[in-house]
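Peer 1: Structure below; questions to follow.
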């Protein structure tokens, strides 16, 4: 698609021009101070640019709507003019969605966060007097809520704190800092407090979280309601001084590790931001794409889920998680096990219930972090050898389950039968038939919604009938709860017993290397017979 970003001052160090340049660099889209006729879409960055070109009709138009400012005279009227003019309205702050949707097509786009720049200072020594800060430019009208910070500075609590600010106009010691200096400002804080009544994003708290700093944020402002309910984020009603002080006290008492706080902003990536734009612009260019085929307008939160119990599985999982983090460092990896392993970002403690880890695997929708919306499962005996973000892109495009076919001659369900599973396969053939494509459950990704939730409930229920391998149960569950399934070839789940590693697009799968038992198990994998076979 040919998109031109309309931005009058891309060389500026301010946040809006910086984002325009970042989007241009990430997509290859042109950037000019005026709309151009050769583009398919002229994208006004921000909506205020559109007001200067209301007579331009040569192409489709879009505008990024930052914040609906009713505090400065005339701003609300400009917002309405631009919203009525453009063909597509994008925004990052959910509170304005309904206001813009009344004018026509509207899309939420996740704001990006530079986590290479904004990161914790692990060497900082906590001072005797807590350092509490805020940032931004104070404008006429009071939308930054600076009076709340002034009250705090004059309070008994405030006099026990070292209050500082970055920007201009704050009623505490304040210094104008360039973008290059901002991370050092956040890294010296014990708590960041946002007093804003209106925000288009609210980058101060996001950048502070990326630096491992607890934040106090108001409800229904900017993107803050889309942040997960996790330790390190403390909320209050916008404009409520008593609520803000209570939240600040909780934050000061916070004992959360910096790495845990950083997990709250994992989903705010350049890739997600670009994908949100491309998806919205594709729909604008192709009106035949229905809204139903696209995900709900919520920020994309990604994660990968591993299960490892027993020595061989844990050894393979260490390699698997490490390889994933090498290629996908911005996406958190969760490990389900009885004890942590090391390279994972998040350890989910669970008992060792069956020798194959099937219960923990199929229970993924209950165990994976609730704020993850797009979830990837990888067997412990896999290795990532390339970037595999396209699997998440399929989900963002509207598919509910992405999975690969079974390898080699086993790609048809009639080849599912083994000496130890006759009864289960016969039952599966009764439900699904035999001449059906067989799917492999060692690699899959899914998008959370009510249908996928029901699918995983059925999968676990069907597995409990026989308690053996999980693929037959997967098919019976999928037969009962159909999903929008995107089936990939074995380039995306390259089982090395059947396929040459050279064909892989990114995921190598080494079968049985994580297995901790020997011989055939005729009964259930959670039976005494099964546990007796463990090495």
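Peer 1: Which condition breaks for residue 229 when tested against (1) more than 24 Å from residue 393 (Cα to Cα); (2) out of contact with any strand residue (DSSP E or B) (no Cβ under 9 Å at 6 or more places or on another chain); (3) in a loop (DSSP other than H, G, I, E, B)?
Peer 2: Of the numbered conditions (1) more than 24 Å from residue 393 (Cα to Cα); (2) out of contact with any strand residue (DSSP E or B) (no Cβ under 9 Å at 6 or more places or on another chain); (3) in a loop (DSSP other than H, G, I, E, B), the odd one out for residue 229 is (2).
Peer 1: How many residues does the range 76-87 hold that are surrounded by fewer than 20 Cβ atoms within 10 Å (Cβ to Cβ) and under 18 Å from residue 277 (Cβ atoms)?
Peer 2: So the answer is 1.
Peer 1: Only one of 364, 355 is within 25 Å of residue 269 (Cα to Cα) and in contact with a helix residue (DSSP H, G or I) (Cβ under 7 Å, 6 or more places away or on another chain); which?
Peer 2: 364
Peer 1: Having 3 or more residues that are touching a helix residue (DSSP H, G or I) at 6+ places or on another chain (Cβ under 7 Å) is the bar; report the strands (runs of 3 or more DSSP E) wholly within the range 1-85 that clear it.
Peer 2: 3-6, 60-65
Peer 1: Which residues, counting only those in the range 56-69, are in contact with a strand residue (DSSP E or B) (Cβ under 6 Å, 6 or more places away or on another chain) and closer than 22 Å to residue 114 by Cα?
Peer 2: Result: 64, 65.
Peer 1: Related question: Test each condition in (1) touching a helix residue (DSSP H, G or I) at 6+ places or on another chain (Cβ under 6 Å); (2) touching a residue at least 60 places away in the same chain (Cβ under 8 Å) for residue 378 and report the one that comes out false.
Peer 2: Among (1) touching a helix residue (DSSP H, G or I) at 6+ places or on another chain (Cβ under 6 Å); (2) touching a residue at least 60 places away in the same chain (Cβ under 8 Å), the lone unmet condition for residue 378 is (1).
Peer 1: Another one. If you go through the range 504-518 one residue at a time, do you hit one that is over 30 Å from residue 387 (Cα atoms), over 34 Å from the mean Cα position of the chain (by Cα) and surrounded by fewer than 15 Cβ atoms within 10 Å (Cβ to Cβ)?
Peer 2: Looking through the range 504-518, at least one residue is over 30 Å from residue 387 (Cα atoms), over 34 Å from the mean Cα position of the chain (by Cα) and surrounded by fewer than 15 Cβ atoms within 10 Å (Cβ to Cβ).
Peer 1: Give me the residue from the range 519-530 that is under 22 Å from residue 442 (Cα atoms) and in contact (Cβ under 8 Å) with a residue 60 or more places away in the chain and, out of that set, surrounded by the most Cβ atoms within 10 Å (Cβ to Cβ).
Peer 2: Checking each candidate, the answer is 525.
Peer 1: Kindly provide the set of residues from the range 23-55 that are at pLDDT 95 or above, out of contact with any strand residue (DSSP E or B) (no Cβ under 7 Å at 6 or more places or on another chain) and either within 22 Å of residue 110 (Cβ to Cβ) or surrounded by 14 or more Cβ atoms within 10 Å (Cβ to Cβ) (or both), ordered by number.
Peer 2: Once the filter is applied, which keeps residues that are at pLDDT 95 or above, out of contact with any strand residue (DSSP E or B) (no Cβ under 7 Å at 6 or more places or on another chain) and either within 22 Å of residue 110 (Cβ to Cβ) or surrounded by 14 or more Cβ atoms within 10 Å (Cβ to Cβ) (or both), the range 23-55 yields 48, 51, 52, 53.
Peer 1: Every residue in the range 309-341 that is over 14 Å from the mean Cα position of the chain (by Cα) and within 12 Å of residue 377 (Cα to Cα), please.
Peer 2: Answer for the range 309-341, where residues must be over 14 Å from the mean Cα position of the chain (by Cα) and within 12 Å of residue 377 (Cα to Cα): 320, 321, 324, 335, 336.
The values are calculated or read from the model by the stated rules, or taken from the named source; none is laboratory data. Computed from a prediction, not measured in an experiment: that's the story for all the values here. Note that each Cβ is placed from the backbone with ideal geometry, even for glycine, and that neighbours are counted across all protein chains shown.
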